[in-house]
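Undergrad: This structure is in structure tokens; I'll ask about it shortly.
The values are calculated or read from the model by the stated rules, or taken from the named source; none is laboratory data. Just so it is clear, the model here is predicted, and its values are computed rather than measured. Every residue, glycine among them, receives a Cβ derived from its backbone with ideal geometry; neighbour counts consider all protein chains shown. Side chains included, ligands, DNA and RNA excluded: accessible areas come from the protein's heavy atoms. Shrake-Rupley method; radii C 1.70, N 1.55, O 1.52, S 1.80 Å.
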Amino acid sequence: MLIGDFIGELIGELLSGILNAIIPTSKSKLEKNIGELRGEDWFSQLDKDVRYNYIIWYNKKVKRFLSKPENIKLLKSSEEGRERFIALVIKEHKKFVGIR
């Protein structure tokens, strides 16, 4: 049974990879926007931190925020916007690990 599960998972991953290469998804917007922000020192430091990198890529609220081009412009131009975004990432990380 384990081999069957592994093969099914492998086939699913392959099909998913092929579809993502052919059809642009919202994740490709996310990847583009995160790539753009990696040029910013503050974001690069946040992204390099394993705790926050996971939240940036997998938390619904954070992903939704980063998928919008207007929010990327805000983060690049506003210190207050950056501080609020960093606070959001930290808050979502604390919720994820169960710290209140």
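Undergrad: Select from Asn53, Leu74, Leu14 the residue farthest towards the positive end of the dipole of the chain; place +1 on Cβ of Lys and Arg, -1 on Cβ of Asp and Glu, and compute about the Cα centre.
TA: Leu74
Undergrad: Still on this model: Which entries of Lys48/Lys73; Lys73/Lys95; Lys61/Lys94; Lys29/Lys91; Lys29/Lys68 have Cα-Cα distances beyond 19 Å here? Display every interim value, and only then the final one.
TA: Numbers: Lys48/Lys73 21 Å; Lys73/Lys95 27 Å; Lys61/Lys94 14 Å; Lys29/Lys91 24 Å; Lys29/Lys68 8 Å.
The answer is Lys48/Lys73; Lys73/Lys95; Lys29/Lys91.
Undergrad: Per-residue ellipticity at 222 nm for the chain, helices alone: DSSP H runs ≥ 4 residues times -39500 (n - 2.57), over residue total, nearest 500 deg cm²/dmol?
TA: That comes out to -26500 deg cm²/dmol.
Undergrad: Around Leu46, under 11 Å between beta carbons, what's the net of Lys plus Arg minus Asp minus Glu among the other residues?
TA: 0
Undergrad: Can I ask one more? Going by the alpha-carbon gyration tensor, a ≥ b ≥ c the square roots of its eigenvalues, is the chain rounded (a/c under 1.5) or, if a/c is not under 1.5, prolate (a/b greater than b/c) versus oblate? Please list the in-between numbers first.
TA: Values: a/c = 2.84, a/b = 1.61, b/c = 1.76.
Because a/c hits 1.5 or more and a/b fails to exceed b/c, the chain counts as oblate.
Undergrad: So, one more: For the chain, what is the accessible area per residue in Å² when the probe is 1.4 Å? Walk me through the numbers on the way to the answer.
TA: Numbers: 7380 Å² over 100 residues.
Accessible area per residue, the chain: 74 Å².
Undergrad: Let me ask you something else. Taking each full run of DSSP H in the chain as one helix, which ones are at least 18 Å long along their axis (Cα atoms) and have mean Kyte-Doolittle hydropathy of at least 1.0?
TA: Helices meeting the criterion: 2-22.
Undergrad: With a 1.4 Å probe and all protein chains left in place, how much of the accessible area of the chain comes from carbon and sulfur atoms, in whole percent?
TA: On the way: 4370 of 7380 Å².
Solvent-exposed carbon and sulfur of the chain make up 59 percent of the total.
Undergrad: Shape of segment 53-100 from its Cα gyration tensor (a ≥ b ≥ c, root eigenvalues): rounded if a/c is under 1.5, otherwise prolate when a/b > b/c, or oblate?
TA: Oblate is the answer for segment 53-100, as a/c is 1.5 or above yet b/c matches or exceeds a/b.
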